[in-house]
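Below: one structure, written as structure tokens.
The values are calculated or read from the model by the stated rules, or taken from the named source; none is laboratory data. For clarity, every value in this text was computed on a predicted model and none was experimentally measured. Cβ placement follows ideal geometry from the backbone for every residue including glycine, while neighbour counts extend to all protein chains displayed. The protein model used for the area step is the full one, side chains on, heavy atoms only, and it has no ligands, DNA or RNA in it. Shrake-Rupley method; radii C 1.70, N 1.55, O 1.52, S 1.80 Å.
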Amino acid sequence: MKLDREMEMLLNEIPLLHHGGLLGGGGGDADAEADDLSYLIHELAAMGVVDGDDDPPPARDAADGLGFAYPKKREGLVAASQPFPMAGHCAHMPSLFDPFPFDAAAGVVAADGWDVRCSPPPTPAPRARCKSARRKNGGCAAATTASPTKKCGAAAAAAGAKSHGESLAGLRGFMYHVARDQHGCRFLQQRLDDGKREVDLIFAGVARHAAQLMVDPFGNYLMQKLLAVCDAGQRMALVLTLTADPFVLVRISLNVHGTRAVQKLIESLRTREEIRLVIDALRPGFLELIKDPNGNHVVQKCLQSFETDDNKPIFDAAAIHCLDIGMQCHGCCVLQRCIARSRGEHREKLVAAIACNGFELAQDAYGNYVVQYVIDLKIPNANASIAQQFEGKYIHLSMQKFSSNVVEKCLKVFKEADKAKIILELLAMPHLEQLLQHPYANYVMYSALQNSKGSLHSALTNAIRPHVELLRTSPYCKRIYSRALLKK
């Protein structure tokens with residue numbers, strides 16, 4: 001009876017060997033399958049069921065995951081002293097179509113605290129190898145436990161908590177990792193809308209990692225929303241965490257993701273103590289922040305959100321480094337915003353510092369915009385300082401690309417006495433035609449014609465009229481020639 005049972009089991013194994021995808025994980029080696037088939041035939045021949053050759057079956061090597069062993073190479077065959085013990089082997093061999101084991105509790109990390117252990121969550125169980133395996137198993141266990149979407153372990157854990165109606169306590173221990181995942185972060189943002197209890201649980205899980213999450217591509221969105229819904233005590237706790245080391249908040253502000261989170265933090269501040277802590281933390285990096293493509297938005301958000309007295313450290317830094325800041329593409333914008341948001345003595349000090357450096361700034365690609373902004377304010381002391389620096393240098397400034405714009409602004413805004421000094425200096429040039437034909441100075445001459453009156457205007461037109469033939473042919477003089485007064 002035992003022999004018949006073993007023979008039946010061996011015969012049942014022969015068809016399975018033709019399906020290498022089931023036995024060997026898909027695409028098994030043809031030689032290995034032939035050896036296994038040969039081995040079974042030899043076993044049957046030893047039992048007297050089929051006629052075998054004189055060669056004994058090949059020696060078996062290390063077994064694979066399903067209990068079948070494959071020979072490393074074809075060697076001399078050794079006679080079997082007893083039948084292959086298939087029955088005892090199959091008792092320990094897992095079935096091909098058994099459902100995959102899945103421990104639902106494996107997705108939860110046991111920890112007493114919220115973020116004491118922050119190891120990554122376990123990866124989900126693998127799916128069945130082929131469709132036929134799932135069909136034979138009735139489409140249960142293996143098909144239901146594997147998620148159809150490709151998510152990481154943290155997202156799967158978050159999705160599992162949501163689908164099974166579990167509380168956020170199920171994510172205890174790796175809330176930080178869930179927040180850094182695209183789907184997990186979205187799930188936590190949705191849970192923040194569920195009430196104060198969920199806000200408290202999420203805050204407890206991520207508060208210690210605020211600095212890391214604020215620079216994370218996904219975690220920064222969770223921090224922004226958390227700042228909008230947390231209470232005053234939680235907001236103060238975050239401020240204390242982020243400002244413990246001043247350079248931490250500066251580094252976050254320089255990050256492309258962190259700058260948005262810090263701006264949200266600045267918007268959410270309510271008390272003078274919170275504002276003071278944030279300003280003091282940013283103070284060591286003001287100059288770097290102002291000139292940075294990401295950091296300058298943080299400084300501008302401070303100027304927009306805080307009162308003048310709260311922004312005093314920013315105004316002081318801008319006044320001291322106005323030349324360096326004004327000659328940089330982002331810095332010139334921040335410097336103009338500082339002037340616009342300052343009041344009283346802060347504004348006077350800042351404008352005076354810029355006016356003192358007017359000549360250098362006027363010749364710079366970005367600094368000239370700052371000087372024009374100050375001139376437009378029509379502050380007498382500032383404009384007088386600029387006019388004093390420019391006096392005797394208007395011809396030099398008029399023949400440069402950037403400073404010629406500043407001279408035009410002076411002709412439009414300055415008082416009549418200062419305008420007269422500019423025009424007289426232009427008329428004193430021995431070769432006026434050089435200014436008329438110059439690619440930049442011709443715009444200054446045109447502005448002088450537009451903004452002059454009376455005898456000064458007549459003197460200017462009389463000086464230009466002898467060069468009328470030149471004005472007709474030069475590409476830079478056509479606008480000047482088109483003036484009605486010159487055509488008379």
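Calculate one ³J(HN,Hα) per residue across region 178-184 by plugging θ = phi - 60° into the Karplus curve 6.51 cos²θ - 1.76 cosθ + 1.60, and present them in order as whole Hz with x for glycine and proline.
The phi angles translate into 5, 5, 8, 9, 4, 6, x Hz.
Let me cross-check Cys302: its accessible surface, 1.4 Å probe, with only protein heavy atoms counted, in Å² to the nearest 10?
0
Give Lys264/Lys349; Lys196/Lys264; Lys264/Lys291; Lys312/Lys401; Lys225/Lys291; Lys291/Lys415 a once-over and call out the pairs whose C-alpha atoms are over 26 Å from each other. Spell out each step's value before the answer.
Working: Lys264/Lys349 30 Å; Lys196/Lys264 20 Å; Lys264/Lys291 20 Å; Lys312/Lys401 35 Å; Lys225/Lys291 28 Å; Lys291/Lys415 34 Å.
Among Lys264/Lys349; Lys196/Lys264; Lys264/Lys291; Lys312/Lys401; Lys225/Lys291; Lys291/Lys415, the Cα-Cα distance tops 26 Å for Lys264/Lys349; Lys312/Lys401; Lys225/Lys291; Lys291/Lys415.
Using alpha-carbon positions, what is the distance between the centroids of region 195-239 and region 288-329, in Å?
27
Which order, highest average first, do 344-353, 368-377 follow once you tally other Cβ atoms within 10 Å for each residue and take the mean per peptide?
Values: 344-353: 16.4, 368-377: 21.0.
Going from most to least packed, we get 368-377, 344-353.
Under the classification rounded if a/c is under 1.5, otherwise prolate if a/b is larger than b/c and oblate if not, where does region 253-368 fall, given a ≥ b ≥ c as square roots of the Cα gyration tensor eigenvalues? Don't skip to the answer; put the middle values down first.
Numbers: a/c = 2.46, a/b = 1.45, b/c = 1.70.
Verdict is oblate for region 253-368.
If we sort 255-261, 283-289 on the protection proxy, mean other Cβ atoms within 10 Å, highest first, what's the order?
Most protected by this proxy first, the peptides run 255-261, 283-289.
Within region 366-383, list the residues whose amide N lies under 14 Å from a label point set 7 Å along Cα→Cβ of Gln389.
366-376, 381-383
For region 450-457, just list the computed ³J(HN,Hα) in residue order, Karplus coefficients 6.51, -1.76 and 1.60, θ = phi - 60°, integers in Hz, with x standing in for Gly and Pro.
3J(HN,Hα) across region 450-457, in whole Hz: 6, 10, 10, 9, x, 5, 5, 5.
Using the Cβ atoms and a cut-off under 13 Å, what net charge is assigned to the surroundings of Gly331, where Lys and Arg are +1 and Asp and Glu are -1?
So the surrounding residues net to -2.
Taking θ as phi - 60°, what are the ³J(HN,Hα) couplings along region 302-312 by the Karplus curve (6.51, -1.76, 1.60), each to the nearest whole Hz, with x for Gly and Pro?
These are the phi-based 3J(HN,Hα) values: 4, 4, 7, 9, 9, 6, 4, 5, 5, 8, 3 Hz.
With a cut-off of 8 Å between alpha carbons and a minimum separation of six or more residues, what is the relative contact order of region 281-329 in percent?
Working: 23 pairs, mean separation 20.5, N = 49.
Across region 281-329, relative contact order equals 42 percent.
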